[in-house]
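The values are calculated or read from the model by the stated rules, or taken from the named source; none is laboratory data. Treat the numbers as computed from the prediction; the structure is a model and nothing was measured. Positions of Cβ are backbone-derived with ideal geometry, glycine not excepted, and every protein chain shown enters the neighbour counts.
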Amino acid sequence: MLKIGDKAPLFEGVTQDGKSVKLSDFGSRKVILYFYPKDNTSGCTLEAKSLRDGKAELAQMGFEIVGVSPDSVKSHQNFCTKHELNFTLIADTDKSIAEAYGVWKEKSMYGRKYMGIVRTTFIIDESGTIIHIFDKVNTANHWQQIAEWAKAQQ
């Protein structure tokens, strides 16, 4: 399991626009790399809308928002259009990014076990080091949760 102080695993993925993106593309900015289970589900939509609404404030603090789920590029396009999302989503259809970050795990619902994304946000600094991990995400107020943490670091 990754921890604070670890180097963030490098990745390359495809965005909702069909463009290739790598962690190193964000060089001079801190990255909010958030993993979520599925486009257009209630908790994931609340989280995405919170980050959308707080994007300007987070950008002023030097953050770039990048969401990752196993959904397809087409699903991400629809999700972004439907909810006017203004940040990058990566289609991790082979789950390689989720596996590298240790968030593709066995889950359980109503006694049924299955593999899925454990909702987690990694804050990665300009040097590629993980400086914080949110494993208890407040979906409706996630951008405020991140901003409060960032302000406390100053």
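In the range 109-122, which residues are of a type in the set (Ser, Thr, Tyr), assigned to a strand (DSSP E or B) and exposed (fewer than 14 other Cβ atoms within 10 Å of the Cβ)? Even if it seems obvious, please write down each step before you answer.
The first filter runs over the range 109-122 and keeps only residues of a type in the set (Ser, Thr, Tyr), leaving 110, 114, 120-121.
Cutting the leftovers down to assigned to a strand (DSSP E or B) gives us 114, 120-121.
Correct list: 114 only.
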Condition broken by residue 40, with the remaining ones in (1) polar (S, T, N, Q); (2) within 15 Å of residue 121 (Cα to Cα); (3) not in a helix (DSSP H, G or I) satisfied: (2)
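Tell me the residue from 129, 93, 120 that is closer than 18 Å to residue 43 by Cα and among the hydroxyl-bearing types (Ser, Thr, Tyr), please. Quick ask: steps written out before the conclusion?
Working: 129 fails: closer than 18 Å to residue 43 by Cα; 93 fails: closer than 18 Å to residue 43 by Cα.
Unique residue meeting the criteria: 120.
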Residue match in the range 36-51 (condition: among the basic types (Lys, Arg), loosely packed, with under 14 Cβ neighbours inside 10 Å and either free of Cβ contacts under 8 Å to residues at least 60 places away in the same chain or in contact with a Cys (Cβ under 6 Å, 6 or more places away or on another chain) (or both)): no
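Quick grid of which residues meet (1) free of Cβ contacts under 8 Å to residues at least 12 places away in the same chain; (2) under 15 Å from residue 65 (Cβ atoms):
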| site | (1), (2) |
| --- | --- |
| 108 | yes, no |
| 117 | no, no |
| 127 | yes, no |
| 137 | no, yes |
Residues being surrounded by fewer than 21 Cβ atoms within 10 Å (Cβ to Cβ), polar (S, T, N, Q) and touching a strand residue (DSSP E or B) at 6+ places or on another chain (Cβ under 9 Å) - total across the range 78-91: 1
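Being within 16 Å of the chain's Cα centre (by Cα), more than 24 Å from residue 9 (Cβ to Cβ), without any contact (Cβ under 8 Å) to a residue 40 or more places away in the chain and surrounded by fewer than 21 Cβ atoms within 10 Å (Cβ to Cβ), is that true of even one residue in the range 64-73? Before the answer, list the steps.
Initially, the range 64-73 is screened for residues within 16 Å of the chain's Cα centre (by Cα), giving 64-73.
Remaining after also requiring more than 24 Å from residue 9 (Cβ to Cβ): none.
No, the range 64-73 contains no residue that is within 16 Å of the chain's Cα centre (by Cα), more than 24 Å from residue 9 (Cβ to Cβ), without any contact (Cβ under 8 Å) to a residue 40 or more places away in the chain and surrounded by fewer than 21 Cβ atoms within 10 Å (Cβ to Cβ).
Mind checking which residues of the range 59-85 are of a type outside the set (S, T, N, Q) and in contact with a Phe, Trp or Tyr (Cβ under 6 Å, 6 or more places away or on another chain)?
Kept after step one, since they are of a type outside the set (S, T, N, Q), are these residues of the range 59-85: 59, 61-68, 70-71, 73-74, 76, 79-80, 82-85.
Matches in the range 59-85: 64, 65, 67, 68.
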Residues within the range 123-146 that are surrounded by 16 or more Cβ atoms within 10 Å (Cβ to Cβ) and part of a loop (DSSP other than H, G, I, E, B), tallied: 2
The one condition in (1) modelled with pLDDT of 95 or more; (2) closer than 18 Å to residue 119 by Cβ; (3) over 15 Å from the mean Cα position of the chain (by Cα) that residue 18 fails to fulfil: (2)
